[in-house]
Amino acid sequence: MYAAFKHLHVLFVLISISLFLFRFVLLLLDSPLLKKKWLKIVPHINDTLLLLSAVGIMVTLSMYPIQVPWLTDKVIGVIAYIGFGVLAMKGKTAGARWLGFVGACGWIDFLLHVAVSKQALIAG
C-alpha cells in the first residue's frame, strides 16, 4: 500500500507545482483563461488528493509530524508555501506577487530537499 500512496503523492506534487507555475504565468499574461472555473477548482482538488496521499503514507508507516522532525519540517514548509502561493496569486502589486512567487518557489525547493534527504533542517 505504501508504494501506491508514494507514487500518487509524487504525481500530485508534480501536478500541484505545474498548476502553480501555469497559473502564475497566466496571471503575468493577464490571461482570461485564469478566470475559467476548472482552473479555480482543479488545483484545490489536486491539493486535497496530495494531502490525503500524505496522510496515507504517514498512517501506513506510522510516522507522524512532531514525532519525526523532517515531517514537522514538511508541515512547516507546506504552510509557508501556501502563504507565499496565496501572495503570488492574489498580491495587490506586481512586486508583492513576485515576492510571493519567489518565496513559494524557495519553499518548494525546501520541501523537495527535505522529502528526498529525510533530514530535518528547521525542527530538531
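Taken together, the values in this text are just the output of simple stated rules run on the coordinates, not laboratory data. The shown structure was predicted, so the numbers you read here are calculated from the model rather than taken from an experiment. FYI the Cβ positions are ideal-geometry reconstructions off the backbone, even for glycines, and counts take in every protein chain you see.
The table that follows gives values for the structure above.
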item	result
Yes/no for Leu11 being under 20 Å from Ala96 (Cα atoms), assigned to a helix (DSSP H, G or I) and of a type outside the set (Phe, Trp, Tyr)	no
Any hit, region 12-27, residues being without any contact (Cβ under 8 Å) to a residue 24 or more places away in the chain and in contact with an Asp or Glu (Cβ under 9 Å, 6 or more places away or on another chain)	no
